[in-house]
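Peer 1: Take this structure, written in structure tokens, and hold onto it; I'll ask about it next.
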Amino acid sequence: MTTVYDVTAWSVPGNPTATPYNDIGLIINSIIADIKSQQTSQASKPGAVIYIPPGDYSLKTRVNVDISFLTIRGSGHGFTSLSIRYNSSTSGWHEVNPGGSRVRVENTDGNTEAFRVYRAGDPRLSAVVFENFCLDGVSFGSNQNSYVNGKTGILFDSANDSCRVERMGMVYLEHGLVVKDADALSVSGNFLAENGTCVKLVGSGQATKVTDNLIGAGHVGFSVYAENHWGLLVTGNNIFPRGQSMVHFKNCTRSSISANRLHGYYPGMVHFEGVCTENLVGANHFFRETEKFDPLKPYNNGRDDLFGLVHIEGGNNSVIGNHFSYDVPSGSVTPSGQTPTIILVASGNNNYLATNNTVSATAVHTVTLDSSTTGTKVLDCGSLAQFQPFQSSNSFRATP
Amino acid sequence: MTTVYDVTAWSVPGNPTATPYNDIGLIINSIIADIKSQQTSQASKPGAVIYIPPGDYSLKTRVNVDISFLTIRGSGHGFTSLSIRYNSSTSGWHEVNPGGSRVRVENTDGNTEAFRVYRAGDPRLSAVVFENFCLDGVSFGSNQNSYVNGKTGILFDSANDSCRVERMGMVYLEHGLVVKDADALSVSGNFLAENGTCVKLVGSGQATKVTDNLIGAGHVGFSVYAENHWGLLVTGNNIFPRGQSMVHFKNCTRSSISANRLHGYYPGMVHFEGVCTENLVGANHFFRETEKFDPLKPYNNGRDDLFGLVHIEGGNNSVIGNHFSYDVPSGSVTPSGQTPTIILVASGNNNYLATNNTVSATAVHTVTLDSSTTGTKVLDCGSLAQFQPFQSSNSFRATP
Amino acid sequence: MTTVYDVTAWSVPGNPTATPYNDIGLIINSIIADIKSQQTSQASKPGAVIYIPPGDYSLKTRVNVDISFLTIRGSGHGFTSLSIRYNSSTSGWHEVNPGGSRVRVENTDGNTEAFRVYRAGDPRLSAVVFENFCLDGVSFGSNQNSYVNGKTGILFDSANDSCRVERMGMVYLEHGLVVKDADALSVSGNFLAENGTCVKLVGSGQATKVTDNLIGAGHVGFSVYAENHWGLLVTGNNIFPRGQSMVHFKNCTRSSISANRLHGYYPGMVHFEGVCTENLVGANHFFRETEKFDPLKPYNNGRDDLFGLVHIEGGNNSVIGNHFSYDVPSGSVTPSGQTPTIILVASGNNNYLATNNTVSATAVHTVTLDSSTTGTKVLDCGSLAQFQPFQSSNSFRATP
């Protein structure tokens, strides 16, 4: 009995024409069925590893992962920029597509996901691992700059524990990774770029880490999105454009965004939506400029520069020790003639902002406090002229 | 001559009944003997890789690693929560045990460790690697919530250099990883949870990193413990309950705890014991609440809320830019009626505390300075009312 | 058709005597030729993985990587200290050389690099991966402490995207990794020590990460060097001596050095050369002492203690929340009798330094501002006596 499978060596019982090249989904589902048929004791279901060698595979049938401890592993995240390719003439190019262990997401089964991880009953699925292969959405259709094609790379669709998505590549998917109800998830070492949304943590979640990734979403979505999470750690990531937000929290609490490098083209690079409380934004480098790539200049996230480069809704958050570089020509500021805001506290009380340094060639409000907020403390975050409180119950100490 | 071994393909000379399923320790020791018999030149001992495919293995004989450059590798950390399982009815559960490349630690040889890395003579063992398999202590005996069973996953028992413990899973061991006299050790990407103690660095050590892990110890031990270390970097970890401390330093110096997320149920989440000097605690998120899981409510670490969520013994440390969330109902504070302390400087002079923000629904002392301490600087860490100095040679600047 | 190659199983067509033991370069070049001969469609060139099992290989012919999506992978970084070995009597030692998947860099082809990654034309090479093997320069010649032998481990010599150098070991190379024109490069999880220079990012670059490494260069070079980069993230590294600098930026902008542990023997541990602007140095631990190893005491980087432990040329940088331990006996300070500087702003305007704590047994200037600089803000970085501004257009707030 083996627990090590190679997709290129597997034959689907009763379906001799199935190959990983014409439908890797069929192959992996058949392997999973084999694993389940051999591991029937409640006490011993160690799972298996399914290996995807470097190669060019099509996925037409969604893979359904409903066992714990399964590792699906390739040899190569295989990223190449499809955005550059689709906006260029590629005549004479050495290659035009992603590679490595490349799975083209081309469902013909009516589903939108390449992989769905889901199981009813107890316990939650544990230690499912996706590792070091490429999920390629291939195309955004008639407008290759739309970032919309309805495709999802991996969907964790039921509560899960101690799963890993590591060293993966994802490109040209409307949604890369979507995880529902995560506990102690690891999203680390990935290369997720040119997807509508790259990482989307939905439902609820706790004690998850998103670390050491290279991530850049499209203008329609988010680089990292989390809702109803607590205890989330987002650290050590290099997050580049575009993305409506680099990190978007919706109703998240007691989470941390630290030691990242964040680069964006629109306001709202970090966006706390709803009731986001007791989070830390610390020791990050923010750089905001305007779109530089002609084909994508028509797009933005619809927000103006009063929205805040960091937009906070909710109380008791800490923003400490960050650097903000704001490089938007005054002629590009919206609304025209207004003074842009770096940190906007849009709602919530008792936020704490200290030792944040802003560099800007144009005049900015380093901190703006909405009139609905109270008790904010603003220390060494700029001059009095750069501070815009709409009411008085705040503490302000100007950078000397 | 091969240098790639698979435990499921190895036969122990003279012992045809030995299998990795009944004793993987015998198998690996026999493989190591084979490696040594083939690599006898002082100038060329490249070592080998021993692969543990996904499967359910028992270890009854301790593995003795006494060669450099050996990698022992699996395909899957295989964690699942045994704490939940042992405190539940598991009828109808899909599975009840950890999986992946799962090694059950079931020594019958009189030893307490699954793996011991040890060699006398020169040089120190170098570049021994444990990677991506599961060490499962199986049970804590008659009280599954005791976190005591005398079992250790991996013991490095002599001085070592440039070793790696990465992407491992460990569960239900009284001690997960214990390393003596480490130099430039990497403990990264692991999932170590529900062990009495998860990472214990003893003897002495330098230039080690504990990064990017998910870690949560039991109430009897420590998530990360280090003694006599210097130059230790603990960063990018998501450390969850329980653990007497999330990070415990004993006589450590010039080390750093930064950009972690730390969550605990007891005081002393970070504990500097003895003479801990010139360390940095920076840009971390701390969250302290009370035990939420009924079966473990009887347990704690015996410390009261005057001990400090961060407890510092020793001088010249820096605590900068951290967020503290303290969510303990006033009725649960001990000693009853007292005001809890967030940062206690218990001894040592010239510590530096700046821009730490505390959020608490109940009144707290954000900083308490013992009368034995002098020269502490406390800047923007709370109001004067939240400051409790027992003598006067300190510098205090209230958060405005 | 395979895409998984093992160097020990490959025969070079027409060259039956070639083995990976006598020249692994020939073998790998032959494998690459095979890959190219089989992947000729512009639309489908997934690449391959070339596996180097643990073993002792010589490289006499440079490997030329000119395809995207190639992974070259071993099983073991195999580091052992050659510095200790060459400065010791090794009689009776168990072993004297590095191991793991060890490639000895012994070119006889007139080239100086073991691996060169280069391709003309479009697109840039993408997703080339080096992973988990050892590049050993073997010797620094007649003076084993010279750190000079003209050897380079890996040279990326044309523009590249989304490449990875991860979990590698490199030792006794004059240059370990050199990358020209990097975009979204990942240098993570490596063990790079006892090389003249460990990581050198030249030409230009953006959106790269250097994370989670153990790194220590020789006295002649740099642990991490970057020029003309922007958006570089250096985080989570434990960088130990020696190295002229731990992190050296030349004309870099909007980059970040955060949550590292840095240990050095000379001034200029972090050195911003030329015009370095809008960078963040945050939440790092610095420790500077003097050389402790007798054989290397003759060497240093030629700078005196007025150079600054952090030396900044350029404006609008932020240095926030760092800890500095300076442990140099007053008798070792150069120039003799002078007061050492921790942070020197040598040029550039409007730098921002806040909440940096310095610990030193000898009197230091925690911040010195050259007379050419203006507009520097220095907050809570030491006493007035520790501040040395050579002109007046600065803001200073003493640590209370």
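Peer 1: Does segment C:31-82 hold any residues that are more than 19 Å from C:V105 (Cα to Cα), of a type in the set (D, E, K, R) and either under 22 Å from the mean Cα position of the chain (by Cα) or facing another protein chain (nearest Cβ under 8 Å) (or both), and which are they?
Peer 2: Of everything in segment C:31-82, just one residue is more than 19 Å from C:V105 (Cα to Cα), of a type in the set (D, E, K, R) and either under 22 Å from the mean Cα position of the chain (by Cα) or facing another protein chain (nearest Cβ under 8 Å) (or both), namely C:K45.
Peer 1: For A:G110, only one of the following conditions fails: (1) on the phi > 0 side of the Ramachandran plot; (2) facing another protein chain (nearest Cβ under 9 Å). What is its number?
Peer 2: Of the numbered conditions (1) on the phi > 0 side of the Ramachandran plot; (2) facing another protein chain (nearest Cβ under 9 Å), the odd one out for A:G110 is (2).
Peer 1: Looking only at segment A:115-125, filter to residues that are in contact (Cβ under 8 Å) with a residue 24 or more places away in the chain and within 14 Å of another protein chain (Cβ to nearest Cβ); which one of those is farthest from B:G100 (Cα to Cα)?
Peer 2: A:A120
Peer 1: While we're here: Of all residues being more than 8 Å from every other protein chain (Cβ to nearest Cβ) and part of a loop (DSSP other than H, G, I, E, B) in segment A:187-215, which is farthest from A:G153 (Cα to Cα)? Just the residue, please.
Peer 2: Per the stated criteria, the residue is A:N213.
Peer 1: Taking the options A:G315, A:G321, name whichever one is more than 14 Å from chain C (Cβ to nearest Cβ) and under 26 Å from the mean Cα position of the chain (by Cα).
Peer 2: Being more than 14 Å from chain C (Cβ to nearest Cβ) and under 26 Å from the mean Cα position of the chain (by Cα) holds for just one of A:G315, A:G321, which is A:G315.
Peer 1: Still on this structure, I have one more. Looking for whichever is of a type in the set (K, R) and within 20 Å of C:V4 (Cα to Cα) here; the options are C:R73, C:R119, C:R104, C:R85. Which one fits?
Peer 2: So the residue among C:R73, C:R119, C:R104, C:R85 that is of a type in the set (K, R) and within 20 Å of C:V4 (Cα to Cα) is C:R73.
Peer 1: Another question, then. Please go through segment C:314-343 and give me each residue that is closer than 26 Å to C:K377 by Cα and in contact with a Pro (Cβ under 9 Å, 6 or more places away or on another chain), ordered by number.
Peer 2: C:Y326, C:P340, C:T341
Peer 1: Follow-up. Of (1) assigned to a loop (DSSP other than H, G, I, E, B); (2) touching an Asp or Glu at 6+ places or on another chain (Cβ under 9 Å), B:S89 satisfies all except one. Which?
Peer 2: (2)
Peer 1: Which residues, taken from segment A:167-183, are in contact with a Phe, Trp or Tyr (Cβ under 7 Å, 6 or more places away or on another chain), crowded, with 24+ Cβ neighbours inside 10 Å and not in a strand (DSSP E or B)?
Peer 2: Scanning segment A:167-183 gives A:M168, A:Y172.
Peer 1: Out of all the residues in segment B:68-82, which are surrounded by fewer than 23 Cβ atoms within 10 Å (Cβ to Cβ) and assigned to a loop (DSSP other than H, G, I, E, B)?
Peer 2: The one that is surrounded by fewer than 23 Cβ atoms within 10 Å (Cβ to Cβ) and assigned to a loop (DSSP other than H, G, I, E, B): B:S81.
Peer 1: Now, a different point. Hey, does segment A:347-355 have a residue that's buried (at least 24 other Cβ atoms within 10 Å of the Cβ), among the hydroxyl-bearing types (S, T, Y), within 12 Å of chain C (Cβ to nearest Cβ) and part of a loop (DSSP other than H, G, I, E, B)?
Peer 2: Scanning segment A:347-355, I find at least one residue that is buried (at least 24 other Cβ atoms within 10 Å of the Cβ), among the hydroxyl-bearing types (S, T, Y), within 12 Å of chain C (Cβ to nearest Cβ) and part of a loop (DSSP other than H, G, I, E, B), so the answer is yes.
Peer 1: Could you list, in sequence order, all residues of segment C:195-251 that are under 20 Å from B:L233 (Cβ atoms) and polar (S, T, N, Q)?
Peer 2: Result: C:T211, C:N213, C:S223, C:T235, C:N237, C:N238, C:S245.
Peer 1: Give just the number: which of (1) under 14 Å from the mean Cα position of the chain (by Cα); (2) in the same structural domain as C:L70 (by TED's automatic domain parsing) does C:T208 not satisfy?
Peer 2: Unmet for C:T208, out of (1) under 14 Å from the mean Cα position of the chain (by Cα); (2) in the same structural domain as C:L70 (by TED's automatic domain parsing): (2).
Peer 1: If you don't mind, there's one more thing I want to ask. May I ask you to verify whether B:T235 is touching a residue at least 60 places away in the same chain (Cβ under 8 Å), within 14 Å of chain C (Cβ to nearest Cβ) and hydroxyl-bearing (S, T, Y)?
Peer 2: Working: touching a residue at least 60 places away in the same chain (Cβ under 8 Å): no; within 14 Å of chain C (Cβ to nearest Cβ): yes; hydroxyl-bearing (S, T, Y): yes.
Here the answer is no, as B:T235 does not meet what is asked.
Peer 1: In segment C:160-176, is there at least one residue being charged (D, E, K, R), touching a Lys or Arg at 6+ places or on another chain (Cβ under 6 Å) and under 27 Å from A:N237 (Cα atoms)?
Peer 2: Yes: segment C:160-176 contains one or more residues that are charged (D, E, K, R), touching a Lys or Arg at 6+ places or on another chain (Cβ under 6 Å) and under 27 Å from A:N237 (Cα atoms).
Peer 1: Can you report the number of residues in segment C:368-383 which are closer than 25 Å to C:P335 by Cα and either away from chain A (no Cβ under 14 Å) or out of contact with any strand residue (DSSP E or B) (no Cβ under 7 Å at 6 or more places or on another chain) (or both)?
Peer 2: Number satisfying all stated conditions: 8.
Peer 1: Taking A:D304, is it surrounded by fewer than 24 Cβ atoms within 10 Å (Cβ to Cβ) and without any contact (Cβ under 8 Å) to a residue 40 or more places away in the chain? Even if it seems obvious, please write down each step before you answer.
Peer 2: Working: surrounded by fewer than 24 Cβ atoms within 10 Å (Cβ to Cβ): yes; without any contact (Cβ under 8 Å) to a residue 40 or more places away in the chain: yes.
Spelling it out, A:D304 is indeed surrounded by fewer than 24 Cβ atoms within 10 Å (Cβ to Cβ) and without any contact (Cβ under 8 Å) to a residue 40 or more places away in the chain.
Peer 1: Hey, can you tell me all the residues within segment B:141-164 that are closer than 21 Å to B:S101 by Cα and either touching a helix residue (DSSP H, G or I) at 6+ places or on another chain (Cβ under 9 Å) or hydroxyl-bearing (S, T, Y) (or both)?
Peer 2: Correct list: B:T152 only.
Peer 1: Just to check your reading of the model, which residue among A:G55, A:G121 is at pLDDT 95 or above and within 22 Å of C:T40 (Cα to Cα)? Working first, answer last.
Peer 2: On the way: A:G121 fails: within 22 Å of C:T40 (Cα to Cα).
The conditions single out A:G55.
Peer 1: Is it the case that segment C:83-94 has a residue that's buried (at least 24 other Cβ atoms within 10 Å of the Cβ) and either at pLDDT below 95 or within 11 Å of chain B (Cβ to nearest Cβ) (or both)?
Peer 2: Among the residues of segment C:83-94, not one is buried (at least 24 other Cβ atoms within 10 Å of the Cβ) and either at pLDDT below 95 or within 11 Å of chain B (Cβ to nearest Cβ) (or both), which makes the answer no.
Peer 1: I want to confirm something. Restricting to segment B:360-399 and keeping residues that are part of a strand (DSSP E or B) and small (G, A, S), which single residue is farthest from B:G308 (Cα to Cα)?
Peer 2: Among those that are part of a strand (DSSP E or B) and small (G, A, S), it is B:S395.
Peer 1: Would you please list the contacts, defined by Cβ atoms under 7 Å and residues six or more apart or on different chains, that run from a residue in segment B:149-173 that is more than 12 Å from chain C (Cβ to nearest Cβ) to a residue that is part of a loop (DSSP other than H, G, I, E, B) and among the β-branched types (V, I, T)?
Peer 2: B:G150/B:T112; B:K151/B:T112; B:T152/B:T112; B:Y172/B:V138
Peer 1: Next question. I'm trying to understand the selection: among the residues of segment C:1-27, which are within 14 Å of chain A (Cβ to nearest Cβ) and surrounded by fewer than 19 Cβ atoms within 10 Å (Cβ to Cβ)?
Peer 2: Residues satisfying the conditions are C:M1, C:T2, C:V4, C:D6.
Peer 1: Tell me the residue from B:V128, B:V138 that is within 14 Å of chain C (Cβ to nearest Cβ), aliphatic (A, V, I, L, M) and more than 16 Å from the chain's Cα centre (by Cα), please.
Peer 2: Exactly one of B:V128, B:V138 is within 14 Å of chain C (Cβ to nearest Cβ), aliphatic (A, V, I, L, M) and more than 16 Å from the chain's Cα centre (by Cα), namely B:V128.
Peer 1: Only one residue in B:N238, B:N145, B:N228 is more than 22 Å from B:D66 (Cα to Cα), among the polar types (S, T, N, Q), surrounded by fewer than 24 Cβ atoms within 10 Å (Cβ to Cβ) and not assigned by TED's automatic domain parsing to the domain that holds B:V105. Which one?
Peer 2: B:N228
The values are calculated or read from the model by the stated rules, or taken from the named source; none is laboratory data. This one's a predicted model, so the numbers in the text were calculated from it and none came from an experiment. Methodologically, a virtual Cβ is constructed for each residue, glycine included, from the backbone with ideal geometry; neighbour enumeration extends over all protein chains shown.
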